[in-house]
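Below: the structure, in structure tokens.
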Amino acid sequence: MNANYEGKRLRGAVIGAGYFSQFHYDAWNRMDDVEIVACCDVHIDKAHEVAKKYSVRSVHSDYRQMLDEHELDFVDIITRPDTHFRLVNEISQCGHAIICQKPLAPTVEEARELVALTEERGIRFMVHENFRFQPWYREMKRLMNDGVIGDRLHSLSFRNRAGDGHGPEAYLARQPYFQTMEKFLIFEAGIHTIDTFRYLGGEIEQAWCWHRKLNPVIAGEDTAVGVFRFQVGAMGLYDANRFNESTSNNPRYTFGEVLLEGDGGSIRLYDDGRLTIQSLGEAERDHVYSPSQHGFAGDCVFATQRHFIDNLSSGKPFETDGPSYLKSLAVQEAMYASSESGCWVFPQR
């Protein structure tokens, strides 16, 4: 299938024009080998707004009409999780490659069905799981591969205080449906950290978690502590809270702080994107690299979509393909099961 894509300017369409779509459109607009020929949203005014800003020629309120009228190589889905299965089902019948925002579906069962559908039809499919593409995580992984902190990972910890979830107006400005999600923090944001942990530390074989709700106006949990055991023997710690605030000037840049510890030292990520290295027996020192200030969280949306286009053209596997996402979902569900039972849980893949 990659022979159809190799060396050509790919034609794409986007479904969705909500808050987060701005980062998608901006990223596509900066790629010389991609042309977004059409966009669609049920709120046609929103579709016209993004089309005008990002020079998309054709605007639709009906995605079926858009699919019928345009010759496409891929479709980018930026809609609510409960629409994804229907959209992927219909788009895959057209044979188009698909990149789809997460959460992939409202339930794990539906996500598994969606992934199975794309594999049965031979569709190139990637989940828009962008946190692992943030520049600090790519650099941390490179440093680990270079042996900067040794050859054995001891622990990986993440701490986040988003500060956008307190008071009766929590989440309403950007994504109001967050208030009604019965599973929230781990389902919507924690899945990013699970995927990033898997990217940095490998597969997770056990999970323990306790979560609760701090803001009474929302339906789901907004704080959680999770502990993981990796197959390589390392331990992971997840400490997240959307109610309380950090001291960061921009809590949505790195979305938290990370500590990697190995048998040769440690790497620290600070909330301003700064990385430091501390070899055993030595003082902490700054590591020089240049994370972007453009777009979302170090321009990770661009990096994610660049990976999609590059690997679509080359035929190489996507890092965040459907089966990989299901592995993260298994850990997510283990965290919920652990919080309910109070016990360690083995992810069921």
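Just a few scattered comments:
- For His287, the residues whose amide H sits under 5 Å from its own are Leu275, Thr276, Ile277, ignoring neighbours fewer than 5 places away on the same chain, with H placed 1.01 Å from N.
- Cα centroid separation - the stretch 166-208 against the stretch 265-284, whole Å: 26 Å
- Where only C-alpha atoms are counted, convex hull volume of the stretch 126-263 per residue in Å³: 118 Å³
- Comparing Ser92, Ala330, Gly226 along the charge dipole axis of the chain, the residue lying farthest to the positive side is Gly226, per the Cβ-charge model.
- Kirkwood Rh in Å, taken over the stretch 213-349 so that all alpha-carbon pairs contribute: 18.3 Å
- Shown here for the stretch 1-95: GluC sites (Glu not before Pro) in loop regions (DSSP other than H, G, I, E, B) with at most 16 other Cβ atoms within 10 Å, namely Glu6, Glu71.
- Phi angles across the stretch 190-197 convert, under the Karplus curve 6.51 cos²θ - 1.76 cosθ + 1.60 with θ = phi - 60°, into 3J(HN,Hα) values of x, 4, 4, 5, 4, 5, 5, 4 Hz, Gly and Pro given as x.
- Label-point gap, in nm, between His166 and Thr107 - each point 7 angstrom along Cα→Cβ: 3.7 nm
- Translational D in µm²/s for the stretch 28-70 (Stokes-Einstein at 37 °C, 0.692 mPa s, Kirkwood Rh from C-alpha pairs): 310 µm²/s
- Shape call, the stretch 32-97: gyration tensor on alpha carbons, a/c limit 1.5: oblate
- Volume per residue of the C-alpha convex hull in the chain, rounded to whole Å³: 138 Å³
- Built from the Cα atoms of the stretch 2-123, the convex hull projects on average onto 7.2 nm², one quarter of its surface area.
- Here Lys53 is the anchor, and the aspartates and glutamates within straight C-alpha reach of less than 14 Å, apart from those fewer than 8 places off in the same chain, are Asp26, Asp45.
- Unsatisfied cross-links (Cα-Cα over 18 Å) in the set Lys102/Lys327; Lys102/Lys141; Lys8/Lys102; Lys8/Lys316: Lys102/Lys141; Lys8/Lys102
- The value of relative contact order for the chain, using C-alpha pairs under 8 Å at least six residues apart, is 18 percent.
- Ratio of the Cα radius of gyration of the stretch 233-273 to 2.2 N^0.38 Å, where N counts its residues: 1.36
- FRET efficiency, Cys94 to Lys141 (Cβ-Cβ, R0 30 Å, nearest 0.05): 0.25
- Net dipole in debye of the chain [+1 Lys, Arg Cβ; -1 Asp, Glu Cβ; about Cα centre; nearest 20]: 180 debye
Values quoted throughout were computed directly from the atomic coordinates according to the rules given, and no laboratory measurement underlies them. What you see is a predicted model, and the numbers here were worked out from it, not measured in a lab. Cβ: placed from backbone, ideal geometry, glycine included. Neighbour counts: every protein chain shown.
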